[in-house]
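Following: one structure in structure tokens, then a few remarks.
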Amino acid sequence: MGSPVVAVAVAVAPDRRVRARVIGTVQGVGFRPYVYRLAGELGLAGWVLNDAHGVLVEVEGPGEAVETFLARLAPEAPPLATVEGVVRRALAPLGECGFVIRPSPLGECADAPVAPDAATCAECLAELADPGDRRHRYPFINCTNCGPRFSIVRAVPYDRQFTTMAAFSMCPECRAEYEDPADRRFHAQPNACPVCGPAARLVWLDGRAERDHPDGSDPVRAAAEALRAGRILGVKGIGGFHLACRADDGTAVSMLRARKHREDRPFALMVASVADAAGLVELDDAAAAALSGPQRPIVLARRRAGAAVSDAVAPRLGELGVMLAYSPLHHLLLTDIGSALVMTSANVSDEPIAYRDADALARLAGIADGVLTHDRRIETRTDDSVLRIVDLAAAPRPMLVRRSRGYVPASLPLPCDASRPILACGAELKSTFCVARGARAWLSHHIGDLANADTLRSFTDGIEHFQRLFAVRPQVVAHDLHPEYLSTKYAVDLADAVEARGEPPLELIGVQHHHAHLTACLAEHGETGPALGAIFDGTGDGGDGTVWGGELLLGDLAGFRRVGALAQVRMPGGEQAIREPWRMACAWLTAAGVERAPVALAGRVDPRRWELVADLARSGLASPMTTSMGRLLDAAAALCGLPGEVSYEGQAAIEFEALCDPGERGAYEMVVGGRGDLLCLDPFPALAALISDVRNGVPAGIIAARFHAAVAQATVRACVALAAVAHTELVVLAGGVFLNRRLLEATAAGLHAAGLRVLVPRRLPPGDGAIAYGQAAIAAWRGEAGGR
């Protein structure tokens, strides 16, 4: 059933009537109640409704009042609304004398944007803490300005019947709020209270047995007591389950690592307030603003000396990832326990986050001592988003590391309309997908690494959900060139399945990995190129039988030309060199004619293994050539004595950045010169200087800083030279390596000083989470070009 009709009587002199189509994220954010109140304030008649395309309004009354209504419609919209445009059409006045909220029409092809999940607002938090309020300590309090959205949506228009809240019938008091235009919960679809809404439940896990906490007690308080005592609990949030323990309890944190099989990857922390966060990490204004925004991401910031956090939370890293509580249940838990909590994704390493109750209880047995859950179903799992603050051109701003809860599914514009619906399948690591139609692209939440059946199922289920939600039935499917990526295989299998059913064939478009990085950054900034791109990452299929990753590309949405690269070296053992960074050190030194392991690796790598790997590098057996900047940083990290074997992707380079002495201003030398048709960045002199400094006992922090400076300065020199030849002043910095703040800031500063205009991803992460959007932009451009 649709939304109930709500009317307000007004006296009108109807000399003008206008129909307005409001485009943007305007469902589930209190937009209809806002329109209702605005029309009432101005004495206008008419109606407003949600439909499959957004919000539709008709108003009539005195011409001046109608014009005021239209002028105020977007600027004064509710805080969670994003109005992208208002398209108006004049109509003949009907002589109406009331304003109504009409039921949502059913059966239309849906394309209305869906709002992301939003953190609990200040008004709801005040009620949560008020012993006199009927929602005192109710873990699911929300209103039109906050609460779950995307994670509970099954279909559009965004009405309760199309969310997982359909299972809960509102009590008379909640229904009265829902239907009262003066109430903050007017048409708040997740509206509920302890009488009629979801309820929390604490389940103890004894081996694989489940045992409910005794009735009559507060499950949240009981959970807090268990956490305070050093227990590990699963906690159901907005987009999935976390694993939680006290952040200052080293025994509990180490136990969580052992049970979760997560040896070194840092854990995220959750605190109750910005002030609590500031006691753990150093916050500037930009970081504090990011922490407290409605998205509530994890913010990476430098650890404060003396912070009450176990060293086991983030081994060998100078930063901590901190987020504020974003659901009422989180707020209650943190208030009751009074200290920071580890809040890490509830999974075993490399599995997707658990989000269904039965699955969570089964998978967390043996990891968690108990599970604090509830009976509001999560429709779509969404991991926490992650960002860090970077200083570009003396302007600190957020840079996304992972785009997920709080940001998804906000749409992204395309630089040209997609003439045919598009599905872009993304890459393999940090996987996302993207659907596009017309001028919009919807990039998915973070899926993870497509390494197992569960993650692949999450990927395919997500694609089906987005296609239904945004009415995209793809005719074009874009994919990475790497034939072994599961995302590529999915694209090919999908095309084969469509052909087998006798349906119109899908057009498959293969997109080179680093070209997608370049175009993703261009497209999100509304640019089409040409631009010079420094695209640095770990690996990507170059299409020439080698592994790319340190590329200088000149290109636009139509295509690209490789104009420079890091010097090539062997990658001994292929992917094994990613897991054992010392192999890359061996490859670089073998290429330089060095026979033995240097000081930092002596005693840490068996000489016989070193020689076997050196033989692989010399022979080329199972050792593809690579220009990967990520693998070069791995090599440098290993030569500085950092782990020779890693437990998570990018670990060596992340720890190498953390090692940098912030006060060091020296730099090693990387040679920039011609090698055939390509400008070459040659790191051999820098590696030789690094080894010499290690041998001479120079502190590792100084060595790491000098090597980072060498890479940044060489990149700047190469880009300046190539931009001059190409007659462009636009440079893109993208790829996962530019998640390295020190490298990004130094490179951007050098390019700015040289008078070049620099684009860095803003609404997307620099890494592979943006690949699908870049693929979609290329596919749209090719479709537009084909239609001209």
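The values are calculated or read from the model by the stated rules, or taken from the named source; none is laboratory data. In this text the structure is predicted, and so the values were computed from the model without any measurement. Cβ placement follows ideal geometry from the backbone for every residue including glycine, while neighbour counts extend to all protein chains displayed. Heads up: the accessible areas ignore ligands, DNA and RNA and are worked out on the full protein's heavy atoms, side chains in. Shrake-Rupley method; radii C 1.70, N 1.55, O 1.52, S 1.80 Å.
Some observations on this one:
- Residues that are over 24 Å from Ala308 (Cβ atoms), crowded, with 17+ Cβ neighbours inside 10 Å and either within 19 Å of the chain's Cα centre (by Cα) or among the charged types (D, E, K, R) (or both), drawn from region 352-378: Pro352, Ile353, Ala354, Tyr355, Asp357, Arg363, Arg376, Arg377, Ile378
- Thr144 being crowded, with 23+ Cβ neighbours inside 10 Å and hydroxyl-bearing (Ser, Thr, Tyr): yes
- Of residues in region 177-207 being more than 12 Å from Thr144 (Cβ to Cβ), in contact with an Asp or Glu (Cβ under 8 Å, 6 or more places away or on another chain) and not in a loop (DSSP other than H, G, I, E, B), the one most open to solvent (accessible area, probe 1.4 Å): Arg201
- Residues in region 419-444 that are modelled with pLDDT under 95 and within 21 Å of Gly783 (Cβ to Cβ) were compared, and the one that is surrounded by the fewest Cβ atoms within 10 Å (Cβ to Cβ) is Gly438.
- Residues (without any contact (Cβ under 8 Å) to a residue 40 or more places away in the chain and loosely packed, with under 15 Cβ neighbours inside 10 Å) located in region 156-170: Ala166, Ser169
- Those residues of region 312-324 which are among the aliphatic types (A, V, I, L, M), touching a residue at least 60 places away in the same chain (Cβ under 8 Å), open to solvent by less than 20 Å² (accessible area, probe 1.4 Å) and not in a helix (DSSP H, G or I), in sequence order: Met323, Leu324
- Test for Arg405: is it modelled with pLDDT of 95 or more and surrounded by fewer than 24 Cβ atoms within 10 Å (Cβ to Cβ): no
- Members of region 71-94 that are modelled with pLDDT under 90 and within 23 Å of Arg16 (Cα to Cα): Gly85
- Pair list, Cβ < 6 Å and 6+ apart or interchain, from region 684-700 residues that are touching a residue at least 12 places away in the same chain (Cβ under 8 Å) and within 18 Å of Arg665 (Cα to Cα) to residues that are of a type in the set (Val, Ile, Thr) and buried (at least 18 other Cβ atoms within 10 Å of the Cβ): Leu690/Ile703; Asp693/Ile703
- Lone qualifier among Asp544, Asp537 - being open to solvent by less than 40 Å² (accessible area, probe 1.4 Å) and among the acidic types (Asp, Glu): Asp537
- Only residues that are among the small types (Gly, Ala, Ser) and open to solvent by less than 20 Å² (accessible area, probe 1.4 Å) were counted across region 601-619, and they come to 2.
- Ala734 being surrounded by 22 or more Cβ atoms within 10 Å (Cβ to Cβ), of a type in the set (A, V, I, L, M) and in contact (Cβ under 8 Å) with a residue 40 or more places away in the chain: yes
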